[in-house]
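K.L.:
The structure follows.
The values are calculated or read from the model by the stated rules, or taken from the named source; none is laboratory data. Note that the coordinates shown come from a computational prediction; the quantities given were computed from them, not determined experimentally. Because the Cβ atoms are built from the backbone with ideal geometry, glycine has one as well, and the counts that use them run over all protein chains shown. The accessibility values were calculated without ligands, DNA or RNA, using every heavy atom of the protein model including side chains. Shrake-Rupley method; radii C 1.70, N 1.55, O 1.52, S 1.80 Å.
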Amino acid sequence: MLFKKVSPLSITLLFLIFASVIIFLDLGTLANRILWILPNAAAIGIIYFLFTPKIHRFPLLFLWLLLVSSSLALKFEQFIFGVLTLVFSGTAYLVVGFSAIKQLSKIKANWFLGIYFIITLLVLGYFLFELVQISKDQYTGFLQFILFNIANLALIFMLASALLLVHQNPTKIAMVFLGFAFVFILSEIVRAASYYSETRINLFIYGSRVLYVFALALLLNCCQLIEAEERQKS
């Protein structure tokens, strides 16, 4: 099979080469939003054609939800599309968090890790809440503001779950998964900064694209490591 001839590193590099073609294009607001969808669609295609999809149910669900969210964002300025964009993106982040928690279901967490998990959620939640407060006046309504905060909480849950997985089961897969979660969240923060910053807008726009593509590449790398592990077991 093609999978056996391709290493995790080469999959990551091929994806990055493909995505880099569109990273630095600037075709206007609508076209740029469409460009944001392409790496996501490519990642889904790679999992379906090079991997075994049933092994990667959580990553695929995350990517599909993210794809729907990005598609709805094409008309983000319209209230209902803006709301649905946030709902689907927040759900996607929760899927990632629960996928990490699922890996811990076979491991008995001690009280220390439980306290650590809660503290991590609270600290990260506070910083993201303060970040949202800075741009509170930019939202079209109170519902959108609430959904932004819920989506941010889902991002926090995603990162805290990945951190907990590494602490509890520090494998290579867990480390790559944590890298994906961290880089993805950083891309979202930089992307948000591009909307509200009055200076260095291009730096934030292109920076968020680079980080987003790199995050998806790490996710694909993680998927292939999981697949290789599953093949060794069978």
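K.L.:
Starting from the 7 Å offset along Cα-to-Cβ, what nm value, one decimal, do you get for the label separation of Q78 and K233?
P.N.:
Distance between label points: 4.5 nm.
K.L.:
Can you work out the Karplus-derived ³J(HN,Hα) for every residue in the stretch 174-181? Use 6.51 cos²θ - 1.76 cosθ + 1.60 with θ = phi - 60°, whole Hz, and x for glycine or proline.
P.N.:
My calculation for the stretch 174-181 gives 4, 5, 5, 4, 5, x, 4, 4 Hz in order.
K.L.:
Further question on the same structure: As a test of reading the structure, rank F62, F98, F204, F214 by solvent-accessible area (1.4 Å probe, protein chains only), most first. Each step should come with its number before you reach the end.
P.N.:
Working: F62 0, F98 115, F204 60, F214 85 Å².
Output order, biggest surface exposure first: F98, F214, F204, F62.
K.L.:
Further, regarding this structure: When ligands, DNA and RNA are left out and all protein chains stay put, how many square angstrom of accessible area per residue does the stretch 148-234 have with a 1.4 Å probe?
P.N.:
On the way: 3940 Å² over 87 residues.
In whole numbers, the stretch 148-234 has 45 Å² accessible per residue.
K.L.:
Pull out the extension gain between Y126 and R33, defined as 0.36 nm times the separation in residues minus the alpha carbon to alpha carbon distance; nm, one decimal. Spell out each step's value before the answer.
P.N.:
On the way: separation 93, 0.36 × 93 = 33.48 nm, distance 2.93 nm.
Separation in residues times 0.36 nm, less the Cα-Cα distance, equals 30.5 nm.
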